Amino acid sequence: MTAATGDTASASSAPPPILQLRGVDKLFGEFPAVDRISLDIREGEFFTIVGPSGSGKTTMVRMLVGMDKPTNGDILLRGERINDVPANKRPTCMVFQSLALFPHRSVGQNIEFPLKIRGVKAASRKERALELMAQLRLPESYYGKGVSQCSGGERQRVALARALAFDPEILFFDEPLSALDYKLRKILEKELKDIHRETGKTFVYITHSLEEAMVMSDRIGVMNKGRFVQIGTPNEIYGNPSTRFVSEFMGEVNILEVGPGPDGTVIDQATGASYHAPPIADSFAGGSLVIRPEDIRFLDDTASPAANKLEGVVYNEYLLGSRVQYQVRVGDAQVFLVEKLREQQLASARGGRVTIAWDAKDSTIFPTARFAS
Amino acid sequence: MTDASVRISHVAAGHSRVSRAEPWQVRLGTALSKPGFLAALPVGILLLAGFVGPLALVFLFAFMPPQTFSVLQAPTLANFRTIFSDSYYLSFLASLQLAASTVAILLVICYPLAIAMVRVFTRKAGILALVLAAPLFVADNLRLMGWMLFLVKGGVVSGTMQTYLGIPVDSMLYTFSATLFGLVYINLPMMLFPMILGVSMVPAQMREAAFDLGASRWQVMKEVDIPLAMPGIMIGALITFILAAGAITEAKVLGGTAVVMIAQDIQKEFTFAQNWPKGSALSMLMIVLAGSLALAMFKRVDLDAIFGRKG
Amino acid sequence: MTRRNLLQSFSQSRRAFLRDTVSISAGIAAASMMPRGAWAAREKEMNIYCWEGYNSDKVLDPFRKEFDCTVKAQGLISDPEAVNQLRAGDTKVWDIINLNNAWGRRQLYPENLIKPLDKAKFEPLWEMMIPEFKWPYKWSTSDDGNELLGMIQRYGPSGMLVNTEKVSAATLEDEGYDLMLSDAFKGKYAVLMYDDWVIMHVVIAAGFSPFRELTDDEIGKYETVMRKLINNAAFLSDDMNAIALGMINGSIEGSFPGSVYSVSAARYDGNPNLRCIIPNKGPEEMGGKAGVCWMELTSLVNNPQLSPRAEDFLEYCFRPETAKNVSFAEGTYNPVGQMGDPKVMALYNTEELDAFQYDTLSADMAKCADFDIIPSYTKLHEIFSAAVREKA
């Protein structure tokens, strides 16, 4: 959307783009899976495309690696149109969601595959494979092992090593970590980030988890319904989500349906309560007020001043490792989500009366009209 | 039910701990009381009676004196001696040559066909499969008779050529090639269907990954497609090989006995020659020959490695 | 000997299949309802194992209706194979067996596989037979002549087949087997692969009688002739229709050997130029006979629970209409011994008689020796098989 083009246009000081999309469409029948996308991916950056399933991110990456052709528009690699260059002729490669390791080949043979295809001699193939295995912390003894004997994390590393053996200019990832458990995923996310820095290659990563995107990326593009709704650094996305979709997508948030009120306030349409909010346009006719759980605080002294103050009862408490989450019931119908660090845990939580508060600057207004497209 | 079987297995376990001291009758009784053994019994008996029984009989007959009709005689190697001193190697060679050629031709024909059915006609593959399987509902010899009428001089092919193109065509029957054609035609579904299964076992992403890593179409086929479809291909090849090696009708109806296949020699020994022992000896030799060839073939292609079950 | 017309046998086998299915399921249903072993249980069923013709509906349907009886019939394609099956215990299955003449007297009866007939009951039927088969006919009795082993019906001479437009009947009759075995005839004939018949005719062509032990020297001569016959042949086939087709479309001119029935269907279909020829001169030891004639013996199987309907069936086959139906069964037309009875003869028209070469039938039969067991068969068959395998 406007945010997307605006962002890329303003990035004049950034490194030159390696991959550019110019009005790219992909139609399946009448349905646009990818809808008029323009995007620049910069040399050497870690760019993550994030979106829910069906948002068009997989369709897009298939076009970027050359397995599908765009219906309209151009894809440029270093300024050269590559729409019609098949995947095997492009200097890019992808780590698949399923990893697509060859079950009839050993770890070593898998890693050496792109080199074998290129006709590299067996000895130098093996040398390179062992080098990559060392880089990815795969024991040398795994060279002759069958891939089915490897654990989930080891298989990830083999797939990555195979892709690196290809020595691509851009490395694509199609949700390769989605099948792993949380802990392993966290470890591999960081490793991936390290490898990105070590190799200096351009990484384009696809995921449905904004959290994953936040950890690794230089820039994130949030996709919905075939379009980018926001492109920016993790900080920009987190701190200043451009739409309610983005903020919702980022994780659990408090959303209140509001209408215009007097003196720049907004009126909660469910309870009639009035809130202070960031400045709104005169034309504002209603929309969503979004507040992050960690931006809401508990007031020790109910009399302390605050822009927005509500009284409620703690309904539930969840321990999330280093953080604690509370569900606070306000009135009969509203439940607010509040998140605190462990050190800030309430003494007697469940059933206790509390006062919650937030500042106007910590909330975001998304007028309804912006979603009516 | 569960309780009972648990108790039984406990009892069995108790016995087996002291089984060295038990008389064999007790041990047998223990084995018989296991539910697994009882459950497997009906199938076991069926296999024994229907499969092993006749084979055992053929085996015994192979060592009986020639031209006799009882297995209760002193065994002899006379049949094998006669076979080796005679020209039966010609029939064995002909059968193996025809079977190998049939397999080779069918591999080349069926692989693209299987690919097309799995990847191109995905929706219509069912109809195509039905069309290809439909001839199986008609007996082999009737279909071959149909081909005979098609290929014979004055038949459909030569008649058409003569009438409409003025090209005189002689009979296309009664040659080695006609026999081979018949074998290829009859065995096509036997190769095709296992191969379709094999081809459809290859995940699309595996091929895409290879392609993405720079492999050409040909390299993708060589490095990924064929190795991963190998179980289906091997099973198809094995079935076709065994069926073709044991074929008889094709050589008689289309081949005009230009080539004598071993099955025909065996049949003759059992019927016109009234020599069951020699027929049995020939059968045993064929079983051993075809069996060891099949084993050798399977040894070369390690199925476990293909299925990724070992390193 | 195989006798089947491929187009007719298709519909035939389908019908047979349906019928068998019905009778088998009926049999299972019946068997589950009544205790086994009751002799009465087989009063309404009969199983016959026969050369093609006896298993046609034309022959069996009237019998089924009249005797209110289920008849299961299976066609056979080889005498020795049928003998094998009886030997292997199929005597429990079948009630009637129909084979070429010599098998009954030489093997089935000595091995206790068939049951002699009631002479008082069946002897009078022989009144109907042609003079060649007058009572007491050799092949219908045991060696000692005491027992009646079965009834004779279809018969025919065997020699060579030829397209008379290419080679005249008279020339082939005069020159005999030598004509077909000459180098000039190479590639112009097929071999009809009924092994025992090929062997018999080759022994005769070599100048001896196949029905006695041959000396090594004679077997050597036989081998020379056999190898030449096989090597010179255009093709070898056990399908008489394929051979008839070859003669009609001109890819071959003749067949070695061949009997009247191998061409009778084609002759009836408008190819009177195809003909079975018996050479005029044969080995002296055979009384100058160069052909071999066959006749089928229909016998009662030595079934421990023989159906009482089996005897009825033998009598039924001697009725004039049945005899005609057997003679003109599906796919193969043959003369029958009952043509000695004017009531049977009256049922044929000229075309039908011409189909099985009635004009020369007695003359041809006179040039034939009776089909018999071949004492040197084992050795001769080995040579034959080797010749086929090693065909140049």
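Restricting to helices (runs of 4 or more DSSP H) lying wholly in segment B:51-159: which have 3 or more residues that are within 13 Å of chain C (Cβ to nearest Cβ)?
Working: elements: B:53-61, B:78-85, B:88-115, B:125-133, B:140-151.
Here the list reads B:53-61, B:78-85, B:88-115, B:140-151.
Note on segment A:34-106: enclosed strands (runs of 3 or more DSSP E) holding 1 or more residues that are within 14 Å of chain B (Cβ to nearest Cβ) and under 19 Å from B:GLY214 (Cβ atoms) are A:92-95.
All of (1) aromatic (Phe, Trp, Tyr); (2) within 14 Å of chain C (Cβ to nearest Cβ); (3) surrounded by 20 or more Cβ atoms within 10 Å (Cβ to Cβ) hold for B:PHE193 with one exception: (2).
Counting only residues that are within 21 Å of the chain's Cα centre (by Cα), over 30 Å from C:GLN107 (Cβ atoms) and more than 14 Å from chain B (Cβ to nearest Cβ), give me the strands (runs of 3 or more DSSP E) lying completely in segment C:208-310 with at least 1 of them.
Numbers: elements: C:235-237, C:254-259, C:274-277, C:291-301.
Result: C:254-259, C:274-277.
Scanning segment B:145-200 for residues that are over 19 Å from B:VAL253 (Cβ atoms) and aliphatic (A, V, I, L, M) yields a total of 10. Going by the conditions given, is A:ARG197 surrounded by fewer than 20 Cβ atoms within 10 Å (Cβ to Cβ) and modelled with pLDDT of 90 or more? Spelling it out, A:ARG197 is indeed surrounded by fewer than 20 Cβ atoms within 10 Å (Cβ to Cβ) and modelled with pLDDT of 90 or more. Of the strands (runs of 3 or more DSSP E) contained entirely in segment A:215-325, those carrying at least 3 residues that are under 27 Å from A:ARG185 (Cβ atoms) fall at A:219-224, A:227-232, A:308-320.
Take the conditions at pLDDT below 90 and either closer than 30 Å to B:PRO189 by Cβ or out of contact with any helix residue (DSSP H, G or I) (no Cβ under 8 Å at 6 or more places or on another chain) (or both) and apply them to B:ALA116. Does it pass? In short, yes. Inclusion of C:LEU99 among residues that are within 14 Å of chain B (Cβ to nearest Cβ), closer than 23 Å to C:TYR333 by Cβ and touching an Asp or Glu at 6+ places or on another chain (Cβ under 7 Å) is warranted. Condition test on A:ARG155, is it farther than 18 Å from A:THR233 by Cβ, within 14 Å of chain B (Cβ to nearest Cβ) and either free of Cβ contacts under 8 Å to residues at least 40 places away in the same chain or in a helix (DSSP H, G or I) (or both)? So A:ARG155 passes the test.
Please report, ordered by residue number, the helices (runs of 4 or more DSSP H) entirely within segment C:78-190 with at least 3 residues that are modelled with pLDDT under 95, assigned by TED's automatic domain parsing to the domain that holds C:SER307 and of a type in the set (A, V, I, L, M). It would help to see each step written out before you state the result.
On the way: elements: C:79-87, C:119-122, C:169-175, C:177-181.
Where helices (runs of 4 or more DSSP H) fall fully within segment C:78-190 and carry at least 3 residues being modelled with pLDDT under 95, assigned by TED's automatic domain parsing to the domain that holds C:SER307 and of a type in the set (A, V, I, L, M), they are C:79-87.
Of these, A:GLY286, A:GLY321, A:GLY312, which one is under 16 Å from A:LEU256 (Cβ atoms) and surrounded by fewer than 17 Cβ atoms within 10 Å (Cβ to Cβ)?
One residue alone meets the criteria, A:GLY286.
Answer with yes or no whether B:GLU269 is charged (D, E, K, R) and away from chain C (no Cβ under 11 Å).
no
Picking from C:LEU125, C:LEU108, C:LEU60, which residue would you name as being touching a residue at least 40 places away in the same chain (Cβ under 8 Å) and either touching a strand residue (DSSP E or B) at 6+ places or on another chain (Cβ under 6 Å) or within 14 Å of chain B (Cβ to nearest Cβ) (or both)?
On the way: C:LEU125 fails: either touching a strand residue (DSSP E or B) at 6+ places or on another chain (Cβ under 6 Å) or within 14 Å of chain B (Cβ to nearest Cβ) (or both); C:LEU60 fails: touching a residue at least 40 places away in the same chain (Cβ under 8 Å).
The conditions single out C:LEU108.
Screening B:GLY214 with (1) touching a Pro at 6+ places or on another chain (Cβ under 7 Å); (2) over 30 Å from B:LEU130 (Cα atoms); (3) in contact (Cβ under 8 Å) with a residue 60 or more places away in the chain gives one miss only, at (3). Based on what the data block shows, is B:LEU90 among the hydrophobic types (A, V, I, L, M, F, W, C) and within 24 Å of the chain's Cα centre (by Cα)? Taking the combined requirement at face value, the residue satisfies it. Please tell me if A:ASP84 is more than 20 Å from A:THR199 (Cα to Cα), in contact (Cβ under 8 Å) with a residue 12 or more places away in the chain, assigned by the TED database to the domain that holds A:PHE203 and not aromatic (Phe, Trp, Tyr). So A:ASP84 fits the description; yes. In the condition set (1) modelled with pLDDT under 85; (2) surrounded by fewer than 12 Cβ atoms within 10 Å (Cβ to Cβ); (3) not hydroxyl-bearing (Ser, Thr, Tyr), B:GLN67 is compliant with all but (2). Screening segment C:312-355 for helices (runs of 4 or more DSSP H) wholly inside it with 1 or more residues that are without any contact (Cβ under 8 Å) to a residue 60 or more places away in the chain and either closer than 17 Å to C:GLU52 by Cβ or β-branched (Val, Ile, Thr) (or both) returns the ranges C:320-327, C:350-355. Every condition in (1) surrounded by 23 or more Cβ atoms within 10 Å (Cβ to Cβ); (2) in contact (Cβ under 8 Å) with a residue 40 or more places away in the chain is met by A:ILE237 except one, and the failing one is (2). The condition of being assigned to a loop (DSSP other than H, G, I, E, B), touching a helix residue (DSSP H, G or I) at 6+ places or on another chain (Cβ under 6 Å) and within 14 Å of chain B (Cβ to nearest Cβ) does not hold for A:LEU115.
The values are calculated or read from the model by the stated rules, or taken from the named source; none is laboratory data. Keep in mind the model is a prediction, meaning the values are calculated, not measured. In this analysis, Cβ positions are derived from the backbone assuming ideal geometry, glycine residues included, and neighbour counts consider all displayed protein chains.
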